[in-house]
Each structure stands twice: as C-alpha cells, then as structure tokens.
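Values in this text are rule-based calculations from the coordinates and carry no lab data. For clarity, every value in this text was computed on a predicted model and none was experimentally measured. Note that each Cβ is placed from the backbone with ideal geometry, even for glycine, and that neighbours are counted across all protein chains shown.
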Amino acid sequence: MVRKIAILTSGGDAPGMNAALRVCIRAGLFYGKEMYVIYDGFKGLVDGDIHQVNKDFTADIINRGGTILRSYRLPEFCNEEVQLKAVQQLKDYEIDAVIGIGGDGTYRGLAALKKHGVNVIGLPATIDNDVASTDYTIGFITALNTICDCIDKIKDTSSSHQRCSIIEVMGRHCGDLAMFSSIAEAAEMTITYDYRVPDEVLFRKLRKLKAQKKSHAIIVVSENLLDVHDLSKRINEETGFETRVEILGRLQRGGSPSAFDRILASRLGSYAIETLNKGEGGVAIGYIKGETVAIPLEEATTMKRDTHKTLINLIDMLQ
Ligand code: F6P
C-alpha cells in the first residue's frame, strides 16, 4: 500500500505547477497519505532535500506562477550511480511513491527510477506542450495567452511604423506555441518544425503585402529553428519591408496560471493520487479528448507527437 508520497517539480517551470502541487498534497491528505515535497527537482532527491508537509503548505499557491519547489536541470541524472543515490534517499525516508511534475526530461528521470523499482507518476507541466501522452500540458495555455498579449502589443507599434515583426517563441523543439499563437493572432506567416514555406515564397508574400500597403506583417517563428536576426536582414534586403526581431524568451514562462491550467492541474493531480490510492502507478497522467488518462511511463516517453494536420491546413487556408 502507498502510504508516503513525495512530489517534485523539474525542467523548465510552467504556470500551474503550484496548482498541481496543491491538489496532489490536498488529495493525498484526503486519502490519509503522508505527503512530502522535494526541493530543486531530481537534485533535491539525490541530496535528500525531502520534507513532510501539511495542508497549510498549499495556502495561496493555486494562482502563483513558477514553482515554489524550485526546479533544477540535472543532466547527471542519466548516470545509474546518481539514480541509485536517489533510490537510497527514498528508502531512507520510506517514501512509497514519487510524483514528478514536468516535461519529457522529467518523465525520463521518473522512468529511470521506475526501472530501479520505485513507484512513480508523471504529471505533464511545461509551456512547450511537447508531451505526447496528453493533448495539453499544464502551463501551455497560459504561455499561449501571454504570447498573444505580447503580439497584440507588438502589432500596435508594428502597424504604426508599417513594419514586419519576427516574433520568436519558445517550445524547445515543438512548434505548438508558434502554431497556436499564429492562428490566434492571425499572423501573416508561421515558421515551425511542422510548417515552413520556402524563403522565396515568404519573400514574395511580403513584397505583395508591402505593395498592398498592409500596415504590418507578423511572422511567428519557433525557437532553435533558424537565426531570426539573419532572417530579418534578408527580409529587409529582399522585400524592402522594414523588419524588427522580438525574442519573447522566458517571460513566456512567468505569470499566474490561467483558469484552464488551474483546472487541468487539479484534474490531473487528483487523478494521480487516486491512481496511487488504488495501489497502481508507473504511469504518466494525461488529458486526451476531454478525458483524464493514465499511460505506462515507458510508452509515454516514446509516443509520437501529433503534428496537428488540421491546424496546418487552417494556417494554409488563412495565411
Ligand atoms: O522547456 C521549457 C523551456 O522554456 C523551453 O521552451 C526552452 O527551450 C527552455 O525551457 C529554456 O530553458 P532554460 O530556461 O533552462 O534555458
């Protein structure tokens, strides 16, 4: 039986991580579990930074951005020796299960613990939406709203100067933030991992827009894909459209989680605890087609992302 449960957050912080932490602690206490938190992700687990908490710990955190447990990137966790130190800490604290709140890197860490016999559960939280075992990760919609706010503001100045604005958004190697924000903001062009037109087509379109005296042109680009400054220079040279680059960066990760993310976190977090309470585990919790689901962790880490064919068609139709 699972009696003691520990929770950690790992990878890039995402709005809604605290909401997920809150519901896990409260649902765990509701089912009579002893609840623990681990600071600084897998580093804190290796170092034994593990603390028992009660309901008071969850006061006023549902609306807070970031993660009050802090996060830490620990590439060394792929070493078996480091993993075994973590396993020993869990034995010393007599922890029966670990809930990891984070993205694909977090899931890989949890899968390693599972291999060593630890009961684990993954909760998807990252702004990137790059976890294939859920339609939405906690934090994605909040980051998307933040991007839309920024693009609205950039459009004001872009239109005033009749400029082209290249907006680089995050996502690591996933194009969802770029694709979804392009549709929501009626961007003129989108460049992501799943969608990219040849440069000549892009230049031709911008020349046409300039000739039509369009007040602005918004191009949304996924990070890590190309040099946006070089693209800006080439657009200036090839089309005469005065161009500026805006790299939104980590401001996309901050801020209070949207109502959607708070509710998503609450649904997924409570399901994680219910799963452990039934004596099950070793799974990644997700939200697919409106239902909360549990998928074996190994399968979740190897699943292929949806390429959003419908959204690509929509972008094709609208741009
Ligand atoms: O995974 C979230 C994320 O914000 C990615 O979009 C981005 O590529 C990465 O983290 C940046 O990480 P860091 O803040 O550690 O540089």
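P(r) for the chain, from all Cα pairs and a bin width of 10 Å, is 6, 27, 29, 18, 12, 6, 1, 0 %, short bins first. Cα centroids of the range 31-110 and the range 246-311: 17 Å apart.
In the chain, a dipole from Cβ-located charges (positive for Lys and Arg, negative for Asp and Glu) runs towards its positive end, and of 58, 268, 203 it is 203 whose Cα lies farthest in that direction. Per-residue ellipticity at 222 nm from helix content only, as computed over the chain with -39500 (n - 2.57) for each DSSP H run of at least four residues, stands at -13500 deg cm²/dmol. With the convex hull constructed from alpha-carbon coordinates only, the range 139-275 shows a mean projected area of 8.9 nm² over all directions. Annotation: amide H of residue 243 within the under-5 Å range of 164, sequence separation 5 or more or interchain, hydrogens built in the peptide plane. The C-alpha atoms of the chain define a longest principal axis, and helix 17-30 lies at about 30 degrees to it.
What list do you get for 274, 76, 168 if you sort them by fewest beta carbons within 10 Å?
In increasing order of surrounding Cβ atoms, one gets 76, 274, 168.
Sorted ascending by nearby beta carbons within 10 Å, beginning with the fewest, 61, 151 become 61, 151. The C-alpha atoms of the chain define a longest principal axis, and helix 199-211 lies at about 60 degrees to it. Estimated from the Cβ-Cβ distance and a Förster radius of 41 angstrom, the FRET efficiency linking residue 56 and residue 108 is about 0.80. Using the Cβ-Cβ distance between residue 85 and residue 213 with R0 = 51 Å, the FRET efficiency computed as 1/(1 + (r/R0)^6) comes to roughly 0.20. Between residue 313 and residue 184, the simple spin-label model (points 7 angstrom out along Cα→Cβ) gives 2.3 nm. Any idea what angle helix 259-277 forms with the longest principal axis of the chain, computed on alpha-carbon atoms, 0 to 90 degrees, nearest 10? Approximately 30 degrees, to the nearest ten.
Treating only the Cβ atoms of Lys and Arg (+1) and Asp and Glu (-1) as charged, compute the dipole magnitude of the range 141-254 about its Cα centre; round to the nearest 20 debye.
About 340 debye.
State to the nearest 20 debye the size of the charge dipole of the chain about its Cα centre, where the only charges are +1 on K and R beta carbons and -1 on D and E beta carbons. Walk me through the numbers before you get to the answer.
On the way: 39 positive and 42 negative charges, 114 e Å.
Computed charge dipole of the chain: roughly 540 debye.
Pairs of Cα atoms nearer than 8 Å and 6+ residues apart set the relative contact order; for the range 189-235 it is 52 percent.
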